[in-house]
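After the structure tokens below, expect a handful of questions from me.
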Amino acid sequence: VTLDQRIRAVDRNAAQSLTAQLVDAVTEAIASGELSAGEKLPPTRSLAALAGVNQLTASRAYHRLQEVGAVVSEVGRGTFVRTAAYPGQHPNAADDASWQTYLLPAEAGGESGRILGELARHVDAADTIPLSMGYPPDAIIPLELLREASARVLARLGALSFAYGPVEGTHELRAELAKLGRERGLDDDPDSIVVTTGARQGISLVTRALLRPGDKVACESPTFMGNIEALNAVEAQLLPVPVDEHGLDVAALEQLLRRHEIRLVVVQPRAHNPTGFDLSKERRLQLISLARQHGFFILEDAVYADLRFEGEDLGPLRAIAPTHVIYVDSFSKTFGPGLRAGWIAASGPVLERLINEKRNADTHSATLPQQIVAEFLAGGHYAGQVKRARAMFRQRRDALVQALEEELSAFGRFTRPVAGGHVWLTLDQACDDARLYREALAAGVAILPGRVMLVDRPHSTHLRLSYCRLEPALIREGVGRLAGVVRALHAAPYARQSLPLN
Ligand SMILES: Cc1ncc(COP(=O)(O)O)c(C=O)c1O
């Protein structure tokens with residue numbers, strides 16, 4: 001149906017008034033997409049002629065359309081469909097949110113954004129094995145210890161457990177975090193620490209404090225998708241740096257530094273998500289030396305660093321160059337993701353900027369969880385907790401690596417993580433990873449398509465598989481299902497055609 005047809009269909013003998021019929025004709029044309037935002041509507045005279053009504057009726061209809069927000073009339077130019085035009089048939093229905101579609105800006109991240117939005121829904125879906133999720137299992141949460149810590153906090157602090165607190169975080173928690181830092185080779189006092197709502201907020205605060213639209217950032221590719229989202233949110237210009245079994249390719253970074261003024265380098269030097277590799281000793285020193293020579297910040301993310309199965313722990317990068325390295329961490333992977341207990345450690349003028357960004361973001365992180373975490377740490381429970389988590393995750397890593405060797409080694413290569421929670425798989429034959437994701441879901445296994453973790457466009461087909469959350473038997477079942485999908489994709493004609501992965 002076209003707008004003209006709808007207008008011609010106006011019926012003098014209908015119960016509805018002619019004006020109302022014209023209003024409906026236009027709103028329906030908007031709702032169905034026949035008329036798009038900004039499109040010009042016929043002049044009143046033409047509208048009247050088309051509908052077989054007088055001009056007064058036509059102009060009354062436009063007036064009404066303007067009142068309900070469907071069109072705008074601009075003097076001397078005409079009548080246009082509003083950018084935020086209400087597309088529904090019932091412009092005043094309070095519960096119809098469809099008008100938002102017209103007002104919201106273009107979706108950031110496109111397909112990747114949609115997939116990320118979907119992911120959390122697979123976590124507990126009965127028929128889907130979530131190899132896609134970096135969530136630790138609920139069984140790792142030390143419920144009894146946290147219950148006791150909570151009771152002690154409430155008894156000691158009473159109403160203050162629920163009061164406003166300092167922007168930077170409670171004194172108790174920052175003191176405990178400084179103590180933990182010293183055990184890890186850091187030299188931060190509590191004043192260098194800002195408590196955040198998860199490490200994810202820490203990343204956002206760093207990007208907001210350091211970057212303005214167009215500023216250049218070198219970022220590991222692949223990387224944690226939260227980094228890409230946070231950097232896109234501040235409209236930074238992302239420059240990808242490859243990652244191999246020795247971590248960030250520092251020689252490639254050096255090449256970039258010759259041509260670009262880089263403000264920030266985003267890196268996970270230990271237990272990189274998704275590869276599970278570390279930045280080598282040699283490259284760490286090269287990276288720090290480049291930071292000093294060129295003057296850029298390093299965002300060091302260490303959320304998986306304590307979950308090490310093998311290899312030497314080289315400690316935080318921040319320990320080597322505290323004025324260059326801003327350290328972000330959390331307890332999400334080790335004992336309580338829902339506590340949203342993260343923190344930043346930073347030195348120099350950037351610290352004050354970070355505190356301002358924290359205030360601007362959410363005033364401060366919730367008081368009670370901060371005090372519970374402080375109590376848990378003060379009780380000396382962290383080391384034992386990490387030991388338990390490590391043992392559990394190591395067994396799960398072994399199960400995933402073995403299943404991949406048995407089922408998928410004929411189709412590609414995969415990393416054998418020394419730490420962390422993920423394996424990065426690269427298929428020998430290119431196929432559309434978004435399609436692979438959908439077909440895997442249909443087969444009852446969720447994977448993370450590699451492109452959502454890549455800063456540049458993919459050159460081959462990658463996927464990330466995560467093992468922490470799942471029992472070994474489920475991991476094996478999930479890989480079995482995935483292998484079925486990969487085999488079918490390789491046999492199907494569309495898998496052979498070369499896809500736009502340039
Ligand atoms: C590398 C990395 N950094 C940061 C985060 C965010 O952690 P949090 O849950 O503490 O916000 C994650 C979580 O998936 C991660 O994998």
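Values quoted throughout were computed directly from the atomic coordinates according to the rules given, and no laboratory measurement underlies them. Quick caveat, the model's predicted, so the values are computed rather than measured. When we count neighbours, we look across all protein chains shown, and the Cβ atoms used for this are built from the backbone with ideal geometry, even at glycine.
Using the structure shown, select from K281/K387; K179/K333; K216/K333 the pairs with a Cα to Cα distance greater than 27 angstrom.
Listed pairs above 27 Å: K216/K333.
Right, here's the next one. With θ taken as phi - 60° and the coefficients 6.51, -1.76 and 1.60, list the Karplus ³J(HN,Hα) couplings across the stretch 293-306 in order, rounded to whole Hz; mark glycine and proline as x.
Taking θ as phi minus 60°, the curve returns 5, 9, x, 9, 7, 10, 9, 9, 9, 10, 4, 9, 4, 7 Hz for the stretch 293-306.
What is the local net charge at P472, summed over the other residues whose Cβ is closer than 9 Å to its Cβ (Lys, Arg +1; Asp, Glu -1)?
Counting the neighbours of P472, the net charge comes to 0.
What fraction of the DSSP beta bridges in the chain is antiparallel, stated in percent and rounded to the nearest 5?
Taking every DSSP beta bridge within the chain, about 60 percent pair in antiparallel fashion.
Next question. Over the stretch 341-491, calculate the relative contact order: mean separation of alpha carbon pairs under 8 Å at least 6 apart, over the residue count, as a percent.
24
Relative contact order for the chain using alpha-carbon pairs under 8 Å, separation at least 6, rounded to a whole percent?
Once normalised by length, the contact order is 16 percent.
Tell me, in nm to one decimal, what length is gained between D456 and A251 on full extension, where the rule is 0.36 nm per residue of separation less the Cα-Cα distance?
Full extension from D456 to A251 adds 72.0 nm.
State to the nearest 20 debye the size of the charge dipole of the stretch 320-398 about its Cα centre, where the only charges are +1 on K and R beta carbons and -1 on D and E beta carbons.
Approximately 440 debye in magnitude.
What is the local net charge at V53, summed over the other residues whose Cβ is closer than 13 Å to its Cβ (Lys, Arg +1; Asp, Glu -1)?
Net charge around V53: +3.
Given the alpha-carbon gyration tensor of the chain, what are the semi-axes of its equivalent ellipsoid in whole angstrom, ordered largest first, with each equal to the square root of 5 times an eigenvalue?
50, 30, 24
Right, another one. Net charge near R6, counting Lys/Arg +1 and Asp/Glu -1 over other residues with Cβ under 12 Å of its Cβ?
Taking every other residue near R6 into account, the sum is -4.
Of G165, A151, L351, which is farthest on the positive side of the dipole of the chain, counting Cα position, with +1 on Lys and Arg Cβ, -1 on Asp and Glu Cβ, and the Cα centre as origin?
L351
Counting only helical runs of four or more DSSP H residues, what would the 222 nm mean residue ellipticity of the chain come to if each run contributes -39,500 (n - 2.57) and the total is spread over all its residues?
Counting only the DSSP helices, I get -13500 deg cm²/dmol.
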